[in-house]
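Participant: After the structure tokens below, expect a handful of questions from me.
The values are calculated or read from the model by the stated rules, or taken from the named source; none is laboratory data. In this text the structure is predicted, and so the values were computed from the model without any measurement. With ideal geometry, Cβ positions are generated from the backbone for all residues, glycine too; neighbour counts draw on all protein chains shown. Accessible surface areas use protein heavy atoms only, side chains included; no ligands, DNA or RNA. Shrake-Rupley method; radii C 1.70, N 1.55, O 1.52, S 1.80 Å.
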Amino acid sequence: MLDVFRYQFDHVPPYREYCIGRGAGPHNVRTVAEIPAVSTIAFKYARMESREQPQSQPALTFLTSGTTIGKNERARHLVVRPDIYRTSALNHLRRMLFPDGRRLAMLALHPTADRMPESSLSQMMTWCIEEFGTGEVACTATPRGVQADDAIGFLRNRAAAGEPVCILGTTASIALLFTSMRSNRIEIALPAGSRIMDTGGAKGQAVPLSLDEVVAEASRMLGVEPSLVINEYGMTEMCSQLYDATAFNSPHDPPAGRRMKLAPPWLRPATLDPVTLAPVEEGRAGILSFFDLANVGSVSALMTEDFGVVRGGAVGIIGRAAAADPRGCALAIEAFAIRGPAADSRPILR
């Protein structure tokens, strides 16, 4: 990890300037905990990417749908090594969502990469469909919305054929499916082994569904076992993801609302004091930060906008950090905000 920090210090100019401003560099950083973490908001104001880009493959550019600061700008993440991103995404998906090795019919309630190429979530879902699908696939979403009737028709057909289904969607799109089924008094008993990847994201919901509610509704309306409803935590600025630990993929079997999320071995989670940005001891709440080796072509040390705890390498999400003391976070952002927004920005979902 220290080698990756040295590489990024040398090859990502905005990150180098930020580190120098923090009094940190390869000459005095001796541990991963000492590596300065960049706020994910900084991706809206600076090109956080390596000047060295491989000629063997084209880079991928992803944009966010906005964060809590500066709604008019969009963060930009240039992934100069899509092969590393793909390997990271699929290997942890295999461990957390497909540990049984099954291939399934796939229903995407979020646009796939061909419909939303600038969305990192769309790209990840597309790779998931290609790697773990049977070929029976339906994408019932566009950037404009979800066609719930088409999704219900696909689920009915797969249930009649006795074929398990993997449903991929945001919390909002899954809630829309449940609302449509409820209003039409529809319940579908999906075959055993069916599962749901809930990627979070409650935009568009008047009353957002909690994880407990998603799990309960999936069981009641689709017959999906609670341990097979798995929430994902990720972001455009980070190539790796975390997933709920359940009895399906781990020795743990907590209630849905108390689940911890497991990171892959190449992703190091930590918590920071919201004022000083210093690391806090394990088990104490703080601003969630990560060191992601899959981000080798941009910046690996990231500070999120989320509050949480880390225990034994597992992460518990408490919520957004907006209510916390903003002074430390503001200082971490100020160095980049004066540069102005990143170019080529336009609205896009993760």
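Participant: Given a 1.4 Å probe, how much area per residue of the stretch 1-135 is accessible, in Å²? It would help to have the intermediate numbers written out before the result.
Facilitator: Values: 5530 Å² over 135 residues.
Solvent-accessible surface per residue comes out at 41 Å².
Participant: Give me the 1.4 Å probe accessible area per residue for the stretch 231-302, excluding ligands and nucleic acids, in Å².
Facilitator: Values: 2400 Å² over 72 residues.
I get 33 Å² per residue for this part.
Participant: Using only alpha carbon pairs under 8 Å that are at least six residues apart, calculate the relative contact order of the stretch 82-228 and give it in whole percent.
Facilitator: 22 percent
Participant: Okay, next question. When only the heavy atoms of the protein chains count and the probe is 1.4 Å, how do Leu277, Leu168, Leu60 rank by accessible area, highest first?
Facilitator: Numbers: Leu277 25, Leu168 0, Leu60 50 Å².
Greatest to least solvent exposure: Leu60, Leu277, Leu168.
Participant: Here's another thing I want to ask about it. Rounded to the nearest 500, what is the chain's calculated 222 nm mean residue ellipticity when only DSSP H runs of at least 4 contribute -39500 (n - 2.57) each, over all residues? Don't jump to the answer; show the numbers that get you there.
Facilitator: Values: 8 runs with 97 residues, N = 350.
So the helix-based figure for the chain works out to -8500 deg cm²/dmol.
Participant: Quick one, which of (i) 1.04; (ii) 0.99; (iii) 1.27 is the actual Cα Rg over 2.2 N^0.38 Å calculated for this model?
Facilitator: Comparing each candidate, only (ii) matches the computed number.
Participant: Hey, what did the chain get for relative contact order, percent, Cα under 8 Å, at least 6 apart?
Facilitator: Numbers: 734 pairs, mean separation 71.0, N = 350.
About 20 percent, as a whole number.
Participant: Oh, and also: Could you look at the chain and say what percent of its accessible area is carbon and sulfur, using a 1.4 Å probe and all protein chains?
Facilitator: Numbers: 7620 of 14680 Å².
Within the chain, the accessible surface is 52 percent carbon and sulfur.
Participant: Could you give the size of the charge dipole of the stretch 1-61 about its Cα centre, using +1 on the Cβ of each K and R and -1 on the Cβ of each D and E, expressed in debye and rounded to the nearest 20?
Facilitator: Values: 7 positive and 6 negative charges, 29 e Å.
Using Cβ point charges on Lys, Arg, Asp and Glu, the stretch 1-61 gives about 140 debye.
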